[in-house]
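Worksheet: one structure, shown below.
The values are calculated or read from the model by the stated rules, or taken from the named source; none is laboratory data. This structure is a prediction, so every number in the text was calculated from the model and none was measured. Cβ atoms come from the backbone with ideal geometry, glycine included; neighbour counts cover every protein chain shown.
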Amino acid sequence: MRDLYITNSLSRTKELFTPLNPGHVGLYVCGPTVYGDAHLGHARPAITYDVLVRLLRQIGYKVRYVRNITDVGHLEHDADEGEDKIAKKARLEQLEPMEVVQEYTERYHEAMRELNVAPPSIEPRASGHIIEQIRLVKTILEAGYAYESNGSIYFDVEKYNKDHHYGVLSGRNLEDTVEGTRSLDGQSDKKAPFDFALWKKASPEHIMHWPSPWSEGFPGWHLECSAMSEKYLGAEFDIHGGGMDLMFPHHECEIAQNVASRGKEGVRYWMHNNMITINGKKMGKSLGNFITLSDLFSGNNSVLSQAYSPMTIRFFILQAHYRSTLDFSNEALQAASKGLAKVLGAARDLKAMAAGKQAGVASEKVQELYDKAYDALCDDLNTPIALGYIFEAVKLINSAKAGSLKLQDADLALLERMFSEILFGVLGLKDEGASDGKSAEVISGLMDMILEERQEAKANKDWTKSDKIRNSLTSLGITVKDTKDGVEWSL
Ligand code: ZN
């Protein structure tokens, strides 16, 4: 089995990965809170840990991959104050909270399928593990690291920090944490602002609640990952992943809960992927630069100059190392689209050339490219470097096709193996050909043309023509809306 190195957020260094049980890997990744459409920010962790799972399996491990769905207890402010995100969406849309959960879980799955992200082995929901979570709260209370206040249970961070270090993961100490936390407004039941909820008593208007020994209420957000990872992966497991934004407080709280309840941190390697910015800015609904994955696939968002296929998005994300920031822009996506087309074109040519060719001892050059691409992936998932070697292979293929280079049978067979194991296998790219992704790009381009025609007709006060265009679109099921930022359309 090849050696795999990963950067462990706990030690902040690159470490040789050694699993607890030879040949097996337990992996837990924090999944989405399902109260809205999957967006660009969801794509990066999903693809990063998908590559990790594919690589682990490719080098011979059996992987149990657990990725949860948060469907209760994630509150709007500081994770444990304010309205429940799911309940709020349900109130606004006059739906049952579980209708919201079902709808957005489905949409998330659909977006993941498009991105060729393989489903996890287990996808547990927080609301399906209330009993386990209540049991965990009891254990932490018995251990003396939590207190009851007005029907709610809070984790006693100060007490915990006397015996252990609260901040091992994020490298903070409690004094830093105090400065970064909002002061209590007198309304809270907490003893200290950095304490966090394990169980919250439901207010009368709160619609998602369960009975417990302390109150009719619901679990705190951080609790579910401790409870569900222990249930499916054991008191100690190999790798825990998530976005860097989850490192504090979410993962820090998870470690504190684990130590308080089972006497160990529970996770051997923590991995964190960096964030995606949009034209240099953080993505956010309030900033007006929020892009959902379905917007990207259809091109229907004023930030986008065109549609981008799911594989273009995947390729774009793989072009950066998962620990680096990645800036989204139309130029970067267009470049990714061209790069992907080049690689896929070469893959098609290679397939034709390599058909029936015998494997054997390949030339040093090809063997080196194959080994180096693999080594890059095993060196903390260095996907941009691996893609660099793929591009060198593309050059060889193009030269062979042009007749300026003669590749032996064994070379072609090894290149074919490199593409199937690394490009399509570990990196998870696929040839969309003229499938959905491509047609979305074409539709988006056609819509731009038609809407321009309509704008022209309107500018010339040619109402017959502009109405005709609108009516024809309506009969095709396309709605056109004039907004202050221009024209929007939807299918
Ligand atoms: Zn989590």
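Here are the numbers for the structure shown:
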item: Residue in the range 194-212 that is at pLDDT below 90 and either among the charged types (D, E, K, R) or not in a loop (DSSP other than H, G, I, E, B) (or both) present; result: yes
item: Residues (surrounded by fewer than 20 Cβ atoms within 10 Å (Cβ to Cβ) and under 17 Å from the mean Cα position of the chain (by Cα)) located in the range 102-124; result: Thr105, Glu106, Arg107, His109, Glu110, Arg113, Asn116, Ala118, Pro119, Ser121, Ile122, Glu123
item: Pairs where the first residue, in the range 23-42, is under 20 Å from Glu93 (Cβ atoms) and in a strand (DSSP E or B) and the second is within 16 Å of the ligand (Cβ to nearest atom) and among the polar types (S, T, N, Q), C-beta under 9 Å, 6+ apart; result: Thr33/Thr70
item: Residues of the range 341-362 satisfying the condition of being at pLDDT 95 or above and either among the β-branched types (Val, Ile, Thr) or not in a helix (DSSP H, G or I) (or both); result: Val343
item: Those residues of the range 449-480 which are outside any helix (DSSP H, G or I), among the aliphatic types (A, V, I, L, M) and under 17 Å from Gly299 (Cα atoms), in sequence order; result: Ile478, Val480
item: Whichever residue in the range 44-79 is within 13 Å of the ligand (Cβ to nearest atom) and part of a strand (DSSP E or B) and, among such residues, is nearest to the chain's Cα centre (by Cα); result: Arg67
item: Residue satisfying all of: in the range 267-302; touching a helix residue (DSSP H, G or I) at 6+ places or on another chain (Cβ under 8 Å) and part of a loop (DSSP other than H, G, I, E, B); nearest to Ser9 (Cα to Cα) among these; result: Asn274
item: Unique residue being surrounded by fewer than 19 Cβ atoms within 10 Å (Cβ to Cβ), in contact (Cβ under 8 Å) with a residue 40 or more places away in the chain, farther than 20 Å from Ile122 by Cα and not aromatic (Phe, Trp, Tyr) when the list is Glu76, Glu99, Glu81, Glu93; result: Glu81
item: Residue match in the range 226-241 (condition: within 16 Å of the chain's Cα centre (by Cα) and within 12 Å of the ligand (Cβ to nearest atom)); result: yes
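Residues are listed down the side, and each one gets a yes or a no for (1) at pLDDT 95 or above; (2) surrounded by fewer than 19 Cβ atoms within 10 Å (Cβ to Cβ); (3) within 16 Å of Met271 (Cα to Cα):
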position: Arg12; (1), (2), (3): yes, yes, yes
position: Leu27; (1), (2), (3): yes, no, yes
position: Asp37; (1), (2), (3): no, yes, no
position: Ala46; (1), (2), (3): yes, no, yes
position: Gln58; (1), (2), (3): yes, yes, no
